[in-house]
Amino acid sequence: MMKAHAYAAQSAESPLAPFSVERRDVKEHDVRIDILYCGVCHSDLHMARNEWGATNYPVVPGHEIVGRVSAVGSEVTKFKVGQLAGVGCMVDSCRTCAACKEGLEQYCEGPDSFIQTYNSPDKHSGGVTFGGYSTSVVVDEAFTLSIPENLELAAVAPLLCAGITTYSPLKHWNVQRGQKVGIVGLGGLGHMGVKIAAALGAHVVLFTRSPGKIEDGKRLGAHEVVISKDPDQMAAHANSFDFILNTVAASHDLDQFIALLKRDGTMTLVGAPEHPHPSPSVMSMIFKRRSLAGSLIGGIAETQEMLDFCGKHGITSDIEMIRMDQINEAYERMLKSDVKYRFVIDMASLAG
Ligand code: NAP
Ligand code: ZN
Ligand code: ZN
């Protein structure tokens, strides 16, 4: 066992504060990673504050992890000590159910077998898993990702959640060159969605409530930016979208976006707000055979595919680096949508 420095929330009301976790000795298939950077996802905030009602305390959030391999088990083949490695939102699954066999480990059907990077039962320790707001982590190599060497490492970290969560639905709903694609919300997920949809060749329209983000939206790859609070701007796009990816972290009126889909268009929700959305209008969906869908992160193989895609296209996250002790302030800024466009923790600020 090895002690690692970490930051944890002890309750829904308490700020994150220094904490210590035990990391297991590497087993045959394990990789130990000295964490260099960890992105800050809105899910970390939802979980730290028990907004989904399922948090086990103390919780150590963090599932956008990049670092360097410092030890490998005897059976490890993919990694060597000194290499870069990444870990996203999950660290294990049953590996035998239909979903796992299809490489869709995030939809694992085994009982209690979709093991998230934090706040899941840890079969090794008997406790719960602790995430990446920490100086090291030990993960099975099957759930460890290879990092493209040509990208700036700190800016790669957010790809491990924000990148794959937007890449996976864009691919699943078969977004093609020339299609009209909407991205709702310009935060961590949204800014990756804009970049990836543009790289896939789509005509990208960003929806934001924040007029201050128009220029950034265009710089990031949006061909058009619509202020979603302006009914005239919204009406100009009625019935025109093939696909809309909605990343908003709070409950809101979905109909205003569903009305913008073409016949047979789909809006996929990836935002997971604390409170439910008002029910969408059934008529709006029936009369144009529109679909409303959801999507959860992406499988391990697809996460590697996304990282390689980003390596090839030179895509990384736009980040603001913070020290570990700035995390509570970063959460408050995230709640105000004041993130350009992902906080990443420099883990050197926690070592020592
Ligand atoms: P974020 O950086 O806080 O971005 C969310 C964006 O939503 C904001 O920047 C803002 O964009 C918009 N927004 C916030 N409050 C709003 C409101 N009241 N009405 C309308 N728009 C609002 O969060 P994130 O890290 O991208 O995460 C977004 C959501 O996805 C969270 O709920 C998170 O838990 C969830 N998530 C889901 C998955 C999955 O697998 N499905 C994976 C990761 C995260 P504008 O300022 O541009 O309007
Ligand atoms: Zn996340
Ligand atoms: Zn499974």
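The values are calculated or read from the model by the stated rules, or taken from the named source; none is laboratory data. Small disclaimer: the values here were computed from a predicted structure and weren't measured. As a convention, Cβ positions derive from the backbone with ideal geometry for all residues, glycine included, and neighbour counts pool all protein chains shown. Surface accessibility is based on the protein's heavy atoms, side chains included, excluding ligands, DNA and RNA. Shrake-Rupley method; radii C 1.70, N 1.55, O 1.52, S 1.80 Å.
For the pair Ala351 and Ser20, the difference between a 0.36 nm per residue extended length and the Cα-Cα distance amounts to 118.0 nm. Using θ = phi - 60° in the Karplus curve 6.51 cos²θ - 1.76 cosθ + 1.60, the 3J(HN,Hα) couplings for the stretch 287-304 round to 6, 10, 6, 7, 10, 10, 9, x, 7, 10, 4, x, x, 5, 4, 5, 5, 5 Hz; x is entered for Gly and Pro. Backbone geometry of the stretch 248-254 corresponds, through the Karplus equation with coefficients 6.51, -1.76 and 1.60 at θ = phi - 60°, to 3J(HN,Hα) couplings of 5, 8, 9, 5, 7, 6, 7 Hz, x marking Gly and Pro.
Report relative contact order for the stretch 162-294 in percent, whole number only (criteria: Cα-Cα under 8 Å, sequence separation at least 6). Mind showing how you got there, number by number?
Details: 275 pairs, mean separation 28.1, N = 133.
For the stretch 162-294, the relative contact order is 21 percent.
In a fully extended conformation the segment linking Val282 and Ala12 would gain 93.6 nm over its present Cα-Cα distance, using 0.36 nm per residue.
Ignoring everything but the protein chains, give the 1.4 Å probe accessible area of Phe79 in square angstrom, nearest 10. Accessible surface of Phe79 is approximately 10 Å². Per residue, the Cα convex hull of the stretch 162-294 amounts to 94 Å³.
The simple spin-label model puts a point 7 Å past each Cα toward its Cβ; for Lys312 and Ser291 those points are separated by 2.5 nm. Among residues other than Ala85 with Cβ under 11 Å from its Cβ, the summed charge is +2 (Lys and Arg +1, Asp and Glu -1).
Here the accessible area of the chain is 52 percent carbon and sulfur, with a 1.4 angstrom probe and all protein chains present.
Taking all protein chains as shown and a probe of 1.4 angstrom, Ile315 keeps an accessible surface of around 10 Å². Restricting to Cα pairs below 8 Å that are 6+ residues apart, what does the relative contact order work out to for the chain? Please round to a whole percent. Reported relative contact order: 18 percent.
Cross-link check: pairs Lys3/Lys27; Lys3/Lys336; Lys78/Lys171; Lys27/Lys123; Lys80/Lys101 evaluated at a Cα-Cα cut-off of 23 Å; pairs beyond the cut-off: Lys3/Lys336; Lys78/Lys171; Lys80/Lys101. Projecting the Cα atoms of Ala71, Gln256, Gly185 onto the dipole axis of the chain, where Lys and Arg carry +1 and Asp and Glu carry -1 at the beta carbon, places Gln256 farthest toward the positive end.
Work through the residues other than Phe143 whose Cβ is under 12 Å from its Cβ and net out their charges, Lys, Arg +1 and Asp, Glu -1.
On the way: positive: Lys78, Arg95; negative: Asp30, Asp92, Glu105, Asp140, Glu141.
Result for the neighbourhood of Phe143: -3.
By its C-alpha gyration tensor, with a ≥ b ≥ c as the square roots of the eigenvalues, how is the chain shaped: rounded for a/c under 1.5, else prolate for a/b larger than b/c, else oblate? It would help to have the intermediate numbers written out before the result.
Working: a/c = 1.73, a/b = 1.62, b/c = 1.07.
Because a/c hits 1.5 or more and a/b exceeds b/c, the chain counts as prolate.
Size of the dipole of the stretch 127-252 about the Cα centre, Lys and Arg at +1 and Asp and Glu at -1 on the beta carbon, nothing else charged, in debye to 20?
Values: 9 positive and 10 negative charges, 64 e Å.
Using only the charged Cβ atoms, the result is roughly 300 debye.
Here the spin labels are modelled as points 7 Å beyond Cα on the Cα-Cβ line, and at Lys336 and Glu215 they lie 2.0 nm apart. Per residue, the chain exposes 41 Å² of accessible surface when a 1.4 Å probe is rolled over the protein heavy atoms with every protein chain present. Taking the chain as a Gaussian network, where each spring joins two C-alpha atoms under 10 Å apart, which residue of Gly311, Gly126, Gly110 fluctuates the most? Largest GNM mean-square fluctuation: Gly126. For His124 and Arg95, the difference between the fully extended length at 0.36 nm per residue and the C-alpha to C-alpha distance is 8.8 nm. Toward the positive end of the charge dipole of the chain, with +1 on the Cβ of Lys and Arg and -1 on the Cβ of Asp and Glu, the farthest Cα among Cys161, Gly217, Thr135 is that of Gly217. Amide H to amide H distances under 5 Å link Val128 with Asp122, where only residues 5 or more positions off or on other chains count and H is placed in the peptide plane. Summarising the amide proton neighbourhood of Ser295: residues at separation of 5 or more, or on other chains, whose placed amide H is nearer than 5 Å comprise Leu269.
Which value, in debye to the nearest 20, gives the size of the charge dipole of the stretch 1-53 about its Cα centre, when Lys and Arg are +1 and Asp and Glu are -1 at the Cβ?
On the way: 6 positive and 8 negative charges, 20 e Å.
For the stretch 1-53, the charge dipole is close to 100 debye.
Remark: the stretch 86-96, residue by residue, has Karplus-estimated 3J(HN,Hα) of x, 9, x, 7, 9, 10, 5, 7, 5, 6, 10 Hz, where x stands for each Gly or Pro and the curve is 6.51 cos²θ - 1.76 cosθ + 1.60 at θ = phi - 60°. Beta bridges per DSSP, both residues in the chain: antiparallel share near 55 percent. In this structure the amide hydrogen of Arg209, modeled in the peptide plane, comes within under 5 Å of the amide hydrogens of Leu186, Ser228, none closer than 5 places in sequence on its chain.
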